[in-house]
Amino acid sequence: MQTCEPRETVGTDGSKERARVVVLGAGPAGMAAALRLAEAGLRALVLDQARAPGGQIYRDLDQPQLDAAVMGKDYHRGRALVGAFLDAARRGEIDYRPGTRVWWIEALDDALNDALNDGLNDAHRLGVRGHDGISRELVAERLIIATGAMERGWPFPGWQLPGVMQAGAAQILMKQGALLTEGPPVLAGNGPLLYLLAWQYLNAGCPPRMILDTAPNLGLARTLRHPLRAWRARGYLAKGARMLATLRRAGVPVVRGVQSLAAEGDQRLTGVRYRRRGDDQEHKLKTDWLLTHMGVVPEPQLPRGLGIEHRWQEAQQAFVPDRRDDLSVRPGVWLAGDGGGIGGAMNAEREGRLAALAVLDELMADLMDKPQDTTANAKGAAAPRPDADNRRAVARDSARESARAIARESAALRRRRRLDLSGRRLLDALFTPPADWVERQPGETLICRCEGVSQAQLKAALGAGPAGPNQLKAFTRCGMGPCQGRLCGTNVSRLMAREQGRDMDEVGYYRIRPPLTSITLGELALAPSDHLTTQSQ
Amino acid sequence: MFKRHERATATPEVTITIDGAPYQVPSTLSVAAAVLMHQGAAGYRRHAAGGHRAPLCMMGVCHDCLITIDDAPNRQGCLVTVEQGMRVRRQLDEAAATATRWDTANHASGDEQRGRDDADL
Ligand SMILES: Cc1cc2nc3c(=O)[nH]c(=O)nc-3n(C[C@H](O)[C@@H](O)[C@H](O)COP(=O)(O)OP(=O)(O)OC[C@H]3O[C@@H](n4cnc5c(N)ncnc54)[C@H](O)[C@@H]3O)c2cc1C
Ligand code: FES
């Protein structure tokens, strides 16, 4: 497929860059998308805030810190993808910019669009903070969002104490620098990542002190309710069972049916308290480290910032963006990977390729509709040649052939995706977080860590009958801190829905406006509207 | 504190200072990871409400890792990779904690200040 020629990102004036395809995020989804585009000769601009490509699962694989005997094969499997991505970037087939954060995004309105973008529709403007700390603006003609997932905010008394961390954070420290807690940690919560971390700690010779699992012990019963799904999920289930067996053999105590959890300490964690379902006695445990996990949810900022509709998924206990079959969320924008709903790394890769194919398909369609424009654009030459008509016909034919090949490739990927995701739904069922967790926490539990707003304060404010989370935010400052509500948003909606007897879709979520990721006032002074000054500094 | 595993891959190191004292750390670490390695979680930063906080997520979400890097306050320590000669300072006094609140506030829009909401628009 040589019809889509690489084109450099061009500045329309001294400062503003314009790119044909921008990919946000260099996790499995973003890397796969950029590689598939590169294969078609299209050089995508890939922006990621991390030091190296890989995303959450394949983090720091450019310089792996611990071998597969500790981290597991699934992690090291990513080396092939990360290697291919970095090679392509080195060859100039991908324009990869690490250490670059997207903090602002908007659709160009039509008038602006005509002026800035030669009338090309569906372009978006991004505010990007580079590795140098300077904010710039760029225009994306087409956009693939692959910003992945984050760990769910899981409040309990004392979760703000130093010494309490998310399990994923502890795993990041292993990947980043082979760092482990001094002294064995207590792990608490639920979900595959919690057990993966326990297993990795065990492999590293630091078995966790104890695992406090909040899941009701229904595993097998639930599994057998969906035999077909169980079969499709057999890979995941077998892996989980093997890990659990290894942990048991090593003597790591697993306490099931944990109903309540609290972290204790003054300026840092010194111990945890927990209670089991149907057991009146509270248990205490001294520990310096509590690593918690309650599943991952789509990272909401970019899709929300673009105003994309979300729907509540009871099974995942999460808001999930509305995507069409081809993964598009609005004209010119596709959403691939765990940012569009949790499907895991293999699925993210598949979705990245699907999104790339959807972009290529559109470009093909453009080529078939108005061949002269595209040829002129792609070659950067305006003067018609004598044999131009003939060339156009040839280009059109090869575009048609390519479009058919794309359709075949997409269909195969979609089929695999459907099968894989239907198995995944079983994992959702096995690891559903307790829906009433937030409302049954003691009143002093912080829901908003940034502004220090407690559950009791929220319940009191809910008595005044706010219409939605945004009004509640105005009443209490909940969600107004620098994390932009990412750790409290869903919990606040949940609390509101339960207290007011409404459903989650009706309650909704905070309205997300720029800055989408925190930018300090100092950095705002260098924001896009001032880009000309910035450039000359 | 966090300790580096004895079977860790040999990795080039850089020297940074934390509150004035020099430390050698692997060049792959984020600033937050370097602080956790050498100072631990206790006393990582002071929160405007008074208590101490330390990194929760290590991936840019929670903002409990805010720290001063080369005199620039309130950087997200988990998103900045260490560099040779970097000067890291923990924000532990009250003035710094208050300033953090203003500097990073997700300032309410007009609609929110008027107490309006999607649901009633
Ligand atoms: C902490 C954590 C650890 C995990 N560990 C595992 C694991 O060990 N095994 C496993 O199977 N699954 C793991 N997962 C699940 C994970 O979601 C994987 O399924 C997979 O990484 C998803 O791939 P992705 O490409 O969709 O997104 P990700 O891999 O999450 O990649 C998204 C990328 O987008 C970048 N990004 C996000 N927002 C911005 C922005 N505003 N500006 C610039 N860049 C941005 C991020 O830096 C990141 O590199 C983990 C998830 C989390 C949150
Ligand atoms: S540790 Fe959570 S944002 Fe840095």
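Could you line up A:Asp74, A:Asp420 from fewest to most neighbouring Cβ atoms inside 10 Å? Mind dumping the intermediate values first?
On the way: A:Asp74 15, A:Asp420 18.
The order, fewest Cβ neighbours first, is A:Asp74, A:Asp420.
Computed over the Cα atoms of the range A:153-294, what is the ratio Rg over Rh, Rh following Kirkwood?
Using Cα coordinates only, the ratio equals 0.98.
For the range B:13-96, just run the numbers: alpha carbon Rg, then divide by 2.2 N^0.38 Å, N being how many residues it has.
On the way: Rg = 11.6 Å, N = 84, 2.2 N^0.38 = 11.8 Å.
That ratio works out to 0.98.
Can you give the longest run of chain B that contains no trypsin sites (Lys or Arg not before Pro) sitting in a DSSP loop with at most 14 other Cβ atoms inside 10 Å? Mind showing how you got there, number by number?
Working: sites that count: B:Arg7, B:Arg114.
Maximal segment without exposed cleavage sites: B:8-113.
Treat the count of other C-beta atoms within 10 Å as a stand-in for reagent exposure and order B:Thr81, B:Thr28 from fewest to most. It would help to have the intermediate numbers written out before the result.
Numbers: B:Thr81 20, B:Thr28 24.
Arranged by neighbour count, lowest to highest, B:Thr81, B:Thr28 become B:Thr81, B:Thr28.
Give the long-range amide H neighbours of A:Cys448: residues separated by 5 or more places, or on another chain, with amide H under 5 Å away, using H modelled in the peptide plane at 1.01 Å from N.
A:Val453
What number, rounded to the nearest 500 deg cm²/dmol, is the helix-based mean residue ellipticity at 222 nm of chain B, given -39500 (n - 2.57) per DSSP H run of at least four residues and division by all its residues?
Working: 3 runs with 23 residues, N = 121.
After summing the helix terms and dividing by the residues of chain B, the value is -5000 deg cm²/dmol.
Under 12 Å from the Cβ of A:Arg268, count the other residues' Cβ atoms, weight Lys and Arg +1, Asp and Glu -1, and hand me the total. Don't skip to the answer; put the middle values down first.
Values: positive: B:Arg53; negative: A:Glu264, A:Asp266, A:Asp288.
Neighbourhood net charge equals -2.
Would you mind estimating how fast the range A:437-502 diffuses translationally, via Stokes-Einstein at 25 °C and 0.890 mPa s with the Kirkwood radius over Cα pairs, in µm²/s?
Details: Rh = 11.4 Å.
The calculation lands on 215 µm²/s.
I'm a student and want to see the number: the projected area of the Cα convex hull of chain A, averaged over all directions, in nm².
Details: hull surface 106.8 nm².
Mean projected area for chain A: 26.7 nm², to one decimal.
Dipole magnitude of chain B about its Cα centre, charges +1 at Lys/Arg Cβ and -1 at Asp/Glu Cβ only, in debye to the nearest 20?
On the way: 13 positive and 15 negative charges, 102 e Å.
Computed charge dipole of chain B: roughly 480 debye.
State, to one decimal in nm², a quarter of the convex hull surface area for the C-alpha atoms of the range A:410-465, i.e. the direction-averaged projected area.
Details: hull surface 28.1 nm².
For the range A:410-465, the mean projected area of the Cα convex hull comes to 7.0 nm².
What translational D, rounded to a whole number of µm²/s, comes out for the range A:239-370 from Stokes-Einstein when the hydrodynamic radius is the Kirkwood one over Cα pairs, at 25 °C and 0.890 mPa s? Display every interim value, and only then the final one.
Details: Rh = 19.1 Å.
After rounding, the answer is 129 µm²/s.
For A:478-485, what's the mean count of beta carbons from other chains sitting within 10 Å of each residue's beta carbon? The partial results should precede the final answer.
Numbers: counts 0, 3, 5, 8, 12, 9, 3, 1.
Counting Cβ atoms of other protein chains within 10 Å of each residue's Cβ and averaging gives 5.
Quick check: net charge around A:Lys73, other residues with Cβ under 11 Å of its Cβ, Lys/Arg +1 and Asp/Glu -1? All intermediate terms of the calculation are to be shown ahead of the outcome.
Details: positive: A:Arg77, A:Arg79, A:Lys239; negative: A:Asp67, A:Asp74.
Net charge in that neighbourhood comes out at +1.
Using only the alpha-carbon atoms, how far is helix B:94-104 inclined from the longest principal axis of chain B? Give it as 0 to 90 degrees, nearest 10.
60
Could you pull out the longest piece of chain B with no exposed loop GluC sites (Glu not before Pro) in it, calling a site exposed if DSSP puts it outside H, G, I, E, B and it has at most 13 other Cβ atoms within 10 Å?
On the way: sites that count: B:Glu6, B:Glu83.
Longest run free of exposed loop sites: B:7-82.
Filter A:Lys73/A:Lys239; A:Lys175/B:Lys3; A:Lys175/A:Lys284 down to the pairs with a C-alpha to C-alpha distance above 22 Å, please. Write down the numbers at each step before the final one.
Working: A:Lys73/A:Lys239 11 Å; A:Lys175/B:Lys3 13 Å; A:Lys175/A:Lys284 31 Å.
Listed pairs above 22 Å: A:Lys175/A:Lys284.
Size of the dipole of the range A:437-502 about the Cα centre, Lys and Arg at +1 and Asp and Glu at -1 on the beta carbon, nothing else charged, in debye to 20?
Working: 9 positive and 4 negative charges, 31 e Å.
Dipole of the range A:437-502, to the nearest 20 debye: 140 debye.
Would you list A:Leu354, A:Leu290 from fewest to most Cβ contacts within 10 Å? Spell out each step's value before the answer.
On the way: A:Leu354 24, A:Leu290 30.
Going from sparsest to densest Cβ surroundings: A:Leu354, A:Leu290.
What is the dipole size for the range A:153-294, taken about its Cα centre, with +1 at each Lys and Arg Cβ and -1 at each Asp and Glu Cβ, in debye to the nearest 20? Kindly include the intermediate steps, with their values, before the conclusion.
Details: 19 positive and 8 negative charges, 171 e Å.
Dipole magnitude for the range A:153-294 comes out near 820 debye.
Bear in mind that the values in this text are calculations on the coordinates, not laboratory data. Keep in mind that what you see is a predicted model, and the values were worked out from it rather than measured. A quick note on method: Cβ atoms are made from the backbone with ideal geometry, for glycine too, and the neighbour counts reach across all protein chains shown.
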